[in-house]
Amino acid sequence: MSDFQTDPSPGKSDSVPGETETTLAIIAPLPRPAADATAAEVRSWFDASLVAALPLADGSLATERDAAAAYAQLGKAENTRRAYRAAVRMWCAWCERRGLSPLPATGPDVAAFLASERLRGLTPETLKLRRAAVRYLHRAAGVPVPTDDACVSETLAGIQRTAARAGERPRKKKAATVQVLRRLLEPIGDDLVGLRDRAMLLVGFAGALRRSELAAIGVADLEATERGMRLTLSQTKGSQIEAVTVPLPYGDTELCPVRALEQWLAAAGITEGPVFRRIWRAKRTAAGEPPPLPRLGTVALTAQSVALVVQARAVAAGFGRRELGGHSLKRGALTTGMDRGVHPAKLKRLGRHKSFDVLGEYLEFGDLFDGHPLGGVL
């Protein structure tokens, strides 16, 4: 099996772009772009403004307002800020080609931009993100927001309606149920990369974790108990403020997440810091010499890296490259619980969902006729 690098562009050091969360910097606040700013200037300003920055405290009201803006910036997840940055770049590029001002913009211009992106083949879900990013750009700059204009809402509604009429539906990754999970694990070896990936898959499944939650696990977040491990998630999508404790129970089969995690930590010699890290394979040696040992990184994998590992293991197990992804483990855990007749309230608690509607989006239903509520009545 080939080396499962967790970054498609291996670097020479552990400082891999995107592998660490944005840290607070203490810099001067950026002035807002002028009304006649070019698309390139707006794009540069927005990229820089998404870096969470706290000003130096000087006791002034102006500095306290700047600090409030920085904390508001931190209210959005890193993945959201990254997605907004990419969407605003596309918006500015479109405006530049059309000779339009990206800031402030008009409702008809935003509507035309969404229509243009749809004609390029983008999905309605992606277009919703495009609109949200343009809205955020204008709010960050303190100028009137054009995305609430009726023409924008109607354009997006028309795009959604025509997409539904054409049979387009959001693509969901296949659920890694217990049967799928066993297929994923079967070809994995006992080398360092294999131990890491096995532990990652089993912990993600047992804890019904998102890929970002898996990537963020640190040794300090784990607490051994008689019945398993207690995993503390300092922040989740459903709980941005309060920490959440996730139980990882001991198992009696090869699917035990605790033993897999312990084997990985022992083999890698990890006693502190991130649990799941990138691994570099050393250059091959001359014929007859022992293979070189891999080198373990020091920073945590990114959420995208976790998804790439799942996809690579899926391909190795005979699945299509796009069949499984970062959400497959969470969907698989909840679907497996549903198939075993677990009460929905317990599934909701396992998945840490705020509502049953959100829970339903993670379940993968099999035969719709099996267990029909009116079976044996009709």
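The values are calculated or read from the model by the stated rules, or taken from the named source; none is laboratory data. This structure is a prediction, so every number in the text was calculated from the model and none was measured. So basically every Cβ, Gly included, is an ideal-geometry build from the backbone, and we count neighbours across all protein chains shown.
Could you check the stretch 269-288 and list, in sequence order, the residues that are more than 19 Å from Leu184 (Cβ to Cβ), surrounded by 12 or more Cβ atoms within 10 Å (Cβ to Cβ) and modelled with pLDDT under 90? Of everything in the stretch 269-288, those that are more than 19 Å from Leu184 (Cβ to Cβ), surrounded by 12 or more Cβ atoms within 10 Å (Cβ to Cβ) and modelled with pLDDT under 90 turn out to be Trp280, Arg281. Looking only at the stretch 303-320, count how many residues are modelled with pLDDT of 90 or more and polar (S, T, N, Q). Number satisfying all stated conditions: 2.
Please count how many residues of the stretch 182-216 are over 28 Å from Ala77 (Cβ atoms) and small (Gly, Ala, Ser). So the answer is 2.
If you scan the stretch 148-177, which residues turn out to be surrounded by 11 or more Cβ atoms within 10 Å (Cβ to Cβ), in contact with a helix residue (DSSP H, G or I) (Cβ under 7 Å, 6 or more places away or on another chain) and in a loop (DSSP other than H, G, I, E, B)? Answer for the stretch 148-177, where residues must be surrounded by 11 or more Cβ atoms within 10 Å (Cβ to Cβ), in contact with a helix residue (DSSP H, G or I) (Cβ under 7 Å, 6 or more places away or on another chain) and in a loop (DSSP other than H, G, I, E, B): Asp149, Lys173, Lys174, Ala175, Ala176, Thr177. Once the stretch 289-344 is narrowed to residues that are crowded, with 17+ Cβ neighbours inside 10 Å and free of Cβ contacts under 8 Å to residues at least 40 places away in the same chain, the residue that is nearest to Thr271 (Cα to Cα) is Gln311.
For the condition in a helix (DSSP H, G or I), among the aliphatic types (A, V, I, L, M) and under 17 Å from the mean Cα position of the chain (by Cα), what is the one hit in Val193, Val203, Val180? Lay out the reasoning, then the answer.
Working: Val193 fails: under 17 Å from the mean Cα position of the chain (by Cα); Val180 fails: under 17 Å from the mean Cα position of the chain (by Cα).
Sole residue among the options that is in a helix (DSSP H, G or I), among the aliphatic types (A, V, I, L, M) and under 17 Å from the mean Cα position of the chain (by Cα): Val203.
Within the stretch 135-144, identify whether any single residue is of a type in the set (Val, Ile, Thr) and under 27 Å from the mean Cα position of the chain (by Cα), and answer yes or no.
Step one: of the stretch 135-144, the residues of a type in the set (Val, Ile, Thr) are 143.
Adding the requirement that they be under 27 Å from the mean Cα position of the chain (by Cα) leaves none.
Within the stretch 135-144 (the criterion being of a type in the set (Val, Ile, Thr) and under 27 Å from the mean Cα position of the chain (by Cα)), the answer is no, since none of the residues qualifies.
Annotation note: of Ala208, Ala215, the sole residue that is touching a Phe, Trp or Tyr at 6+ places or on another chain (Cβ under 7 Å) and buried (at least 21 other Cβ atoms within 10 Å of the Cβ) is Ala215. Restricting attention to the stretch 330-378, the residues that are at pLDDT below 85, assigned to a helix (DSSP H, G or I) and small (Gly, Ala, Ser) add up to 2. What are the residues in the stretch 331-357 that are among the charged types (D, E, K, R) and touching a Leu at 6+ places or on another chain (Cβ under 6 Å), if any? Passing the criteria: only Lys348.
For beta carbons closer than 9 Å, sequence separation of 6+ or different chains, a first residue in the stretch 218-233 that is in the same structural domain as Leu350 (by TED's automatic domain parsing) and at pLDDT below 90 and a second that is small (Gly, Ala, Ser) and surrounded by 12 or more Cβ atoms within 10 Å (Cβ to Cβ), the qualifying pairs are Leu233/Gly207; Leu233/Ala216; Leu233/Ser239.
Considering every residue within the stretch 139-148, establish whether at least one is hydroxyl-bearing (Ser, Thr, Tyr) and within 27 Å of Arg32 (Cα to Cα). Within the stretch 139-148, one or more residues are hydroxyl-bearing (Ser, Thr, Tyr) and within 27 Å of Arg32 (Cα to Cα).
Limited to the stretch 56-97, what total is found for residues that are more than 25 Å from Asp109 (Cβ to Cβ) and assigned to a helix (DSSP H, G or I)? Total satisfying the criteria: 15. When Ala35 is tested against (1) aliphatic (A, V, I, L, M); (2) exposed (fewer than 15 other Cβ atoms within 10 Å of the Cβ); (3) at pLDDT 75 or above; (4) within 22 Å of Gly142 (Cβ to Cβ), just one condition goes unmet, and that condition is (3). Charged (D, E, K, R) and under 26 Å from the mean Cα position of the chain (by Cα): does that describe Arg130? It is true that Arg130 is charged (D, E, K, R) and under 26 Å from the mean Cα position of the chain (by Cα).
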